[in-house]
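Student: Sharing a structure with you now.
The values are calculated or read from the model by the stated rules, or taken from the named source; none is laboratory data. Just so you know, these numbers come straight off a predicted model, no measurement behind them. Neighbour counts are summed over all protein chains in view; Cβ atoms, including those assigned to glycine, are modelled from backbone coordinates with ideal geometry.
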Amino acid sequence: MANQPVYVNPLCTRYASREMQEIFSNDTKFRTWRLLWIALAESEMELGLPITQAQIDEMRRHIDDIDYDKAAEYEHKFRHDVMAHVHTYGDACPSAKGIIHLGATSCYVGDNTDIIVMRRGLLRVRELLLSAIEAVADFAERHKGLASLAYTHFQAAQPTTIGKRATLWLQDLISDLEQVEFQMSNLKLLGCKGTTGTGASFMELFGGDMNKVVDLEKRIAKKMGFDACVAVSGQTYSRKTDYNVLSALCGIAQTATKFSNDIRLMSHLKEFDEPFESGQIGSSAMAYKRNPMRSERIASLSRYIMTDVLNPAITASAQWFERTLDDSANKRISVPEAFLATDAVLSLLINVISGGTVYPNVIKKHLLEELPFMATENIMMYCVKKGGDRQALHEAIREHSVDTAKQIKLHGGDNDLLDRIAADARFGLTRDEVDTILEEGGFTGMAEAQTEAFLQNYVRPLFDKYQNIDRVQVEINI
């Protein structure tokens, strides 16, 4: 590896996909600026301004040949990134130089590009969410009948199935998908409203013809693939838009953290293992260890996303009148990094649930260790039907349960509660009867049926709805 004497963002070098990095790249940003300048000039030409098709054609020929060195020189001179690229583009398009950025302010390219790029980022997130939902649904289907000990407060509670537990992750992922769709459907371009949002410069260009100024925005929106521009603005679109978009990503981070916590707890119980390559090292000191490092990474990056959403929240609250610039530096960092981290988190979630290993025998062992306590109510009801005294049976169960739990905790003994009950004449049961009660107890309730119903009624219809959306093949490099 070459020397790296300066800081490099680990979201790019370790975690996020190439696809998401390209969406937020300089190439995408400045190419979109040029597309917006073309859309502006072309719309102005269509509405009668003295711009020629030859100028538009020249601008089109130079969409991709961005001279970054020249742009850097101009920016060093002007201390203004938009004007640096106006001049760089103008040098490449000498006949069009005088009409590039005509009537526009910096936010015409800056803000409109941010909206376009965030929408592309959300499209990528949607693909990842659909892939995650598909992977978790497959997991739930395969394990819908696998009985497992369930927990409240991480204390043993009534049993569930592994598949039913997975539906809890699925439900949150579907909620996140709905939020992403909502945010995409509500994104609108800023348009070309000028320095304070009044359209004054364009009113001047079009000789006070308000209809042409309104039409100009509609034409630009259509050329850039949007239905509309925001109805009103200052110089910028409302920074609440950034907050709303990052809030959807924050929701994904919450879902992913809950998932990763569950996986880490199951790993501790030896009920589940993450994917583990043949040469992978779990600990530099303890060679036997298989730490749930990918789930830990999900939690770590998700924590960053959840705190990052404070940036656009504070930025939106701190805007002055029609424009202030204390948003710019923050937006350049907080918005792309939220998307890059979300990309990494969902990729890891897909990898863990698709490539992990479930251990049914360990799951069964843990269930059987606690099931005798849970079966006592069924045993009591069975004995009452045979003529037993409910209160006396309750007291007998209490005595045996307390003593059994004490022996387990003090001496690490096995759970022999059912043997104690079978041997107690107050119950009048054989061991075979006790085992039958255990087998027929229905302790997982409707867990399997709930899982199947949820998959059938909520998840599979999503696959039909999104059948034309590509699924993502994730690759975890670190």
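Student: Identify the residue in region 288-347 that is of a type in the set (F, W, Y) and assigned to a helix (DSSP H, G or I) and, among all such residues, is surrounded by the most Cβ atoms within 10 Å (Cβ to Cβ). Give the steps one after another, and end with the answer.
Tutor: Of the residues in region 288-347, the ones of a type in the set (F, W, Y) are 288, 304, 320-321, 339.
Then keep just the ones that are assigned to a helix (DSSP H, G or I); that gives 304, 339.
Numbers: Y304: 17, F339: 26.
The selected residue is F339.
Student: Same structure again: Looking only at region 140-151, count how many residues are part of a helix (DSSP H, G or I) and either buried (at least 20 other Cβ atoms within 10 Å of the Cβ) or in contact with a Cys (Cβ under 7 Å, 6 or more places away or on another chain) (or both).
Tutor: The number of residues fulfilling the criteria is 1.
Student: Can you work out which of the residues in region 354-374 that are at pLDDT 90 or above and among the aliphatic types (A, V, I, L, M) is surrounded by the most Cβ atoms within 10 Å (Cβ to Cβ)? Show your work before the answer.
Tutor: Step one: filter region 354-374 for residues at pLDDT 90 or above, giving 354-367.
Remaining after also requiring among the aliphatic types (A, V, I, L, M): 358, 362-363, 367.
Details: V358: 16, V362: 14, I363: 22, L367: 20.
Ranking the qualifying residues of region 354-374, first place goes to I363.
Student: Go through region 284-317 and give me each residue that's at pLDDT below 95 and more than 30 Å from L367 (Cα to Cα).
Tutor: Listed by number, the residues that qualify are S284, A285.
Quick grid of which residues meet (1) within 19 Å of L36 (Cα to Cα); (2) assigned to a helix (DSSP H, G or I):
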{"residue": "R165", "(1), (2)": "no, yes"}
{"residue": "Q171", "(1), (2)": "no, yes"}
{"residue": "D176", "(1), (2)": "no, yes"}
{"residue": "Q179", "(1), (2)": "no, yes"}
{"residue": "K193", "(1), (2)": "yes, no"}
{"residue": "S201", "(1), (2)": "yes, yes"}
{"residue": "E204", "(1), (2)": "no, yes"}
{"residue": "L216", "(1), (2)": "yes, yes"}
{"residue": "R219", "(1), (2)": "yes, yes"}
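Student: So which helices (runs of 4 or more DSSP H) are wholly in region 406-460 and hold at least 1 residues that are touching a residue at least 12 places away in the same chain (Cβ under 8 Å), surrounded by 15 or more Cβ atoms within 10 Å (Cβ to Cβ) and assigned by TED's automatic domain parsing to the domain that holds M374? Reasoning before the result, please.
Tutor: Working: elements: 417-423, 431-439, 447-454.
Result: 417-423, 431-439.
Student: Do any residues in region 261-272 that are at negative phi have Cβ atoms under 6 Å from those of residues that are outside any helix (DSSP H, G or I) and surrounded by fewer than 16 Cβ atoms within 10 Å (Cβ to Cβ), where the two are at least six apart or on different chains, and which pairs are they?
Tutor: As it stands, the answer is E271/Y359, since those pairs meet every condition given.
Student: Is there a residue in region 220-238 that is within 22 Å of the chain's Cα centre (by Cα) and either among the β-branched types (V, I, T) or surrounded by 15 or more Cβ atoms within 10 Å (Cβ to Cβ) (or both)?
Tutor: no
Student: Still on this model: For region 240-271, what are the residues that are surrounded by fewer than 21 Cβ atoms within 10 Å (Cβ to Cβ) and part of a loop (DSSP other than H, G, I, E, B)?
Tutor: Result: L269, K270.
Student: Let me ask another. So which residues in region 1-38 are over 22 Å from R126 (Cα atoms) and touching an Asp or Glu at 6+ places or on another chain (Cβ under 7 Å), if there are any at all? Lay out the reasoning, then the answer.
Tutor: First, pick out the residues of region 1-38 that are over 22 Å from R126 (Cα atoms): 1-10, 13, 26-27, 30-31, 33-38.
Matches in region 1-38: R31 only.
Student: So which residues in region 10-51 are buried (at least 19 other Cβ atoms within 10 Å of the Cβ) and free of Cβ contacts under 8 Å to residues at least 24 places away in the same chain?
Tutor: Matches in region 10-51: none.
Student: Let me ask another. Taking the stated definitions as given, is K188 of a type in the set (K, R), closer than 30 Å to N378 by Cα and either modelled with pLDDT of 95 or more or surrounded by fewer than 21 Cβ atoms within 10 Å (Cβ to Cβ) (or both)? Walk me through how you get there before you give the answer.
Tutor: On the way: of a type in the set (K, R): yes; closer than 30 Å to N378 by Cα: no; either modelled with pLDDT of 95 or more or surrounded by fewer than 21 Cβ atoms within 10 Å (Cβ to Cβ) (or both): yes.
Answer is no for this residue.
Student: What are the pairs with Cβ atoms under 8 angstrom where one residue, in region 70-82, is exposed (fewer than 13 other Cβ atoms within 10 Å of the Cβ) and the other, located anywhere, is among the small types (G, A, S)? Sequence gap at least six, or different chains.
Tutor: K77/A84
Student: Could I ask something else about it? Is there a residue being assigned by TED's automatic domain parsing to the domain that holds I252, closer than 21 Å to A16 by Cβ, in contact with a Phe, Trp or Tyr (Cβ under 7 Å, 6 or more places away or on another chain) and not aliphatic (A, V, I, L, M) anywhere in region 340-359?
Tutor: No, the conditions are met nowhere in region 340-359.
Student: Next question, about the same structure. Quick one: V472 ticks every box in (1) outside any loop (DSSP other than H, G, I, E, B); (2) touching a Leu at 6+ places or on another chain (Cβ under 8 Å); (3) touching a residue at least 40 places away in the same chain (Cβ under 8 Å) bar one, so which box is it?
Tutor: Tallying (1) outside any loop (DSSP other than H, G, I, E, B); (2) touching a Leu at 6+ places or on another chain (Cβ under 8 Å); (3) touching a residue at least 40 places away in the same chain (Cβ under 8 Å), V472 fails exactly one: (1).
Student: While we're here: List pairs: first residue in region 87-100 and among the polar types (S, T, N, Q), second residue outside any loop (DSSP other than H, G, I, E, B) and modelled with pLDDT of 95 or more anywhere in the structure, Cβ distance under 8 angstrom, at least six positions apart or on different chains.
Tutor: T88/K70; T88/A71; T88/Y74; S95/A54; S95/Q55; S95/E58
Student: Looking at region 62-70, is at least one residue in a helix (DSSP H, G or I), over 28 Å from V214 (Cα atoms) and in contact with a helix residue (DSSP H, G or I) (Cβ under 7 Å, 6 or more places away or on another chain)?
Tutor: Yes, there is a match, as at least one residue in region 62-70 is in a helix (DSSP H, G or I), over 28 Å from V214 (Cα atoms) and in contact with a helix residue (DSSP H, G or I) (Cβ under 7 Å, 6 or more places away or on another chain).
Student: Condition first: over 15 Å from A156 (Cα atoms) and in contact (Cβ under 8 Å) with a residue 60 or more places away in the chain. Now tell me which residues in region 363-405 satisfy that. Before you say what the answer is, go through the steps one by one.
Tutor: In the first step, residues of region 363-405 are kept if they are over 15 Å from A156 (Cα atoms); the result is 377-400, 402-404.
Across region 363-405, the qualifying residue is only N378.
Student: Further question on the same structure: Among the residues of region 21-52 satisfying the criterion of being of a type outside the set (G, A, S) and either assigned by TED's automatic domain parsing to the domain that holds M118 or in a loop (DSSP other than H, G, I, E, B) (or both), which is nearest to I333 (Cα to Cα)?
Tutor: Filtering first and then ranking leaves F24.
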